[in-house]
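Before any comments, here is the structure.
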Amino acid sequence: MHDDGLSGYSAGSRRAALNHQHICVVTETYPPEVNGVALTLAHLVKGLLAQGHLVSVVRPHQRRSDLGGYGQDFRVTLVRGLPLPGYKGLQFGLPACRLLCRSWKLRRPDAVYVATEGPLGWSAVRTAQRLGIPALSGFHTNFHSYLRHYRVGWLQHLVFRYLRRFHNRSTGTLVPSADLRDRLQVLGFKNVSTLGRGVDSELFTPERRSVELRRHWGLSDTDVAVLYVGRIAPEKNLKVAVDAYRAMKQRSGSVKFVIVGEGPSCGALQRENADLIFCGLRTGEQLAKHYASADVFLFPSETETFGNVTLEAMASGLVVIAYDYAAAKMHIRHDETGVLVPYGDSTAFVDSAASLVRAPLSLGKIRRQAREYVISIEWRYVVERFEMLLTSARNQKEEGPRFFDNVPRFGQIAAGGRI
């Protein structure tokens, strides 16, 4: 059973919490851009709209300005931006205090959710403070951890101090996992609460497995397709994934590595590994078909706040091999619904991948159990939790600073799972 985050409230509190509100989301990214933050926000906005809330979005103008259907039911305010280094096609928003002040005085939000920590996000938190509007912030990306992968690790301490100051100026900070919440609290972040993630198990399903696509990859029904989906960038630790694939191939020649995604490291990775299959960016049903047509999912990243692809792979019936933190720690039971590896132990990661090749029966069992587990993790539970957190932020001024801390935690768990 799921704890939907509502069980600690009386019936009257539940009704009050679910009254229709105007929620303003401030973000640097939103679909049709493809990344975990954008897609998470799309699910949250869609869920809020389905509950009858009024939603507005503030974001930088992007080259891919067509919102692809996402902008039909809510108001979008575009602000000026500049290219985001290392993220092709994305921009970070410039400060917009005056615009936000005019907009929010005209149509005052009940609460603001600031999803990204750039200059636009800073100005949103500052403006909300001035106007007395509760503003929750989201810790979606470990930007400070990325820096060492781009040879500017000396900036890590300064960036972390900025992030802590940014989030502590907001009413409260939302993070996707309990272990990240605990780490940030130790490091001086205040009012930190968890907001989990869901998965669309109707889109991501083993039923989309394609024999034709596997043949295009050069695989028979009994061969093993190893998959990676995500940004192809230094912070994703893809060298470990390639090493794991090589170890698997040494034990069985009928293994191929398929990579879905794009990023700054793509060219170099292709030049160094001519036998890897690069499929480029895929979305929607095409992405789901690529997931379902594989067998094992390698996710060696050490910089995730969550890792939505973990749930997508599990929903598609894949064996996920990942480090024991973030989404994997929350949702994988070792050797039952996936394979967990001690955080940062690249040797264990490679060995775990290689051992799967010699255990075909275990492979099939884990795939089935991963799918059975993850179909119970629905976005509607996450949206309900989000509603309660927004409402508690509104009530914080009346109830005092401890009210936010008393919101029941979102326990996303089926039998045997962990918060």
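The values are calculated or read from the model by the stated rules, or taken from the named source; none is laboratory data. As the structure is a computational prediction, the values presented were derived from the model and not from experiment. With ideal geometry, Cβ positions are generated from the backbone for all residues, glycine too; neighbour counts draw on all protein chains shown.
Summary of values
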item	result
Filter result (under 21 Å from the mean Cα position of the chain (by Cα) and not basic (K, R)) within the range 266-293	G280, L281, T283, G284, E285, Q286, L287, A288, H290, Y291, A292
Residue among S56, S65 that alone is at pLDDT 95 or above, hydroxyl-bearing (S, T, Y) and assigned by TED's automatic domain parsing to the domain that holds E387	S56
Residues of the range 338-353 that turn out to be among the small types (G, A, S) and assigned to a helix (DSSP H, G or I), as a count	4
Selection from the range 119-153 of residues that are of a type in the set (K, R) and at pLDDT 95 or above	R126, R130
Complete set of residues in the range 308-342 that are of a type in the set (F, W, Y) and within 25 Å of Q250 (Cβ to Cβ)	Y323
Residue in the range 70-91 that is modelled with pLDDT of 95 or more, assigned by TED's automatic domain parsing to the domain that holds N191, crowded, with 20+ Cβ neighbours inside 10 Å and not β-branched (V, I, T) present	no
Scan of the range 247-271 for residues that are in contact (Cβ under 8 Å) with a residue 24 or more places away in the chain and in a helix (DSSP H, G or I), ordered by number	A247, M248, Q250, R251, C266, L269
Pick from the range 272-311, criterion farther than 20 Å from A178 by Cα, touching a residue at least 60 places away in the same chain (Cβ under 8 Å) and among the acidic types (D, E), ranking: surrounded by the fewest Cβ atoms within 10 Å (Cβ to Cβ)	E285
Tally, over the range 156-214, of residues that are under 22 Å from the mean Cα position of the chain (by Cα), in contact (Cβ under 8 Å) with a residue 60 or more places away in the chain and outside any helix (DSSP H, G or I)	19
The range 360-385, subset closer than 16 Å to V319 by Cβ and aliphatic (A, V, I, L, M), residue nearest to the chain's Cα centre (by Cα)	V374
Members of the range 310-334 found to be within 17 Å of A225 (Cα to Cα) and out of contact with any helix residue (DSSP H, G or I) (no Cβ under 8 Å at 6 or more places or on another chain), listed by number	none
Qualifying positions in the range 109-128 - surrounded by fewer than 20 Cβ atoms within 10 Å (Cβ to Cβ) and in contact with a strand residue (DSSP E or B) (Cβ under 7 Å, 6 or more places away or on another chain)	D110, P119
